Amino acid sequence: MLTDEELTLRLAVPEDLAQIADLFIASRGAAIGSMPPINAPIEVVRSHIEAWDLSVREVWLAEGALGVIGFSTLTGSWLESLYVAPDRQGTGV
């Protein structure tokens, strides 16, 4: 069900990478049982995401009133990932 909240879609900038890492970690943690758990220390995962080179990895954000609520990553025409904040899944984001 889509809420009345206005969503903004935009390309990520380096300053967004920490929020993207937080969302990725939260989404994967909430998906245990449906997806395998993260098999690396959280600090390593966070460092990896925060080091993404946005000149070769296209990252799109969905933002709501409280910040980043979803993201996708693309390389060329290939969709590599699509994550939505656990509390926003099933809302039409």
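Taking the solvent-accessible surface of protein heavy atoms with a 1.4 Å probe, what is the per residue accessible area of the chain in Å²?
It amounts to 64 Å² per residue over the chain.
Karplus couplings for the stretch 82-91 from phi (6.51 cos²θ - 1.76 cosθ + 1.60, θ = phi - 60°), rounded to Hz, Gly and Pro as x?
8, 10, 10, 3, x, 7, 10, 5, x, 9
In the chain, carbon and sulfur make up what percent of the accessible area (probe 1.4 Å)?
That fraction is 59 percent.
Under 9 Å from the Cβ of residue 73, count the other residues' Cβ atoms, weight Lys and Arg +1, Asp and Glu -1, and hand me the total.
Net charge around residue 73: -1.
Give me the one-decimal nm value for the distance between modelled label points at residue 93 and residue 32, 7 Å along each residue's Cα-to-Cβ direction.
Result for the modelled spin labels: 2.1 nm.
Based only on Cα atoms, what mean projected area does the convex hull of the chain have, in nm²?
6.4 nm²
Could you work out, for the stretch 7-55, what percent of all Cα-Cα pairs fall into each 10 Å distance bin, beginning at 0 Å and stopping at the bin that holds the largest distance?
Going from the shortest bin to the longest, the percentages are 24, 49, 26, 2.
The values are calculated or read from the model by the stated rules, or taken from the named source; none is laboratory data. Everything quoted here is computed from the prediction, not taken from an experiment. FYI the Cβ positions are ideal-geometry reconstructions off the backbone, even for glycines, and counts take in every protein chain you see. With ligands, DNA and RNA removed, areas are computed over all heavy atoms of the protein, side chains included. Shrake-Rupley method; radii C 1.70, N 1.55, O 1.52, S 1.80 Å.
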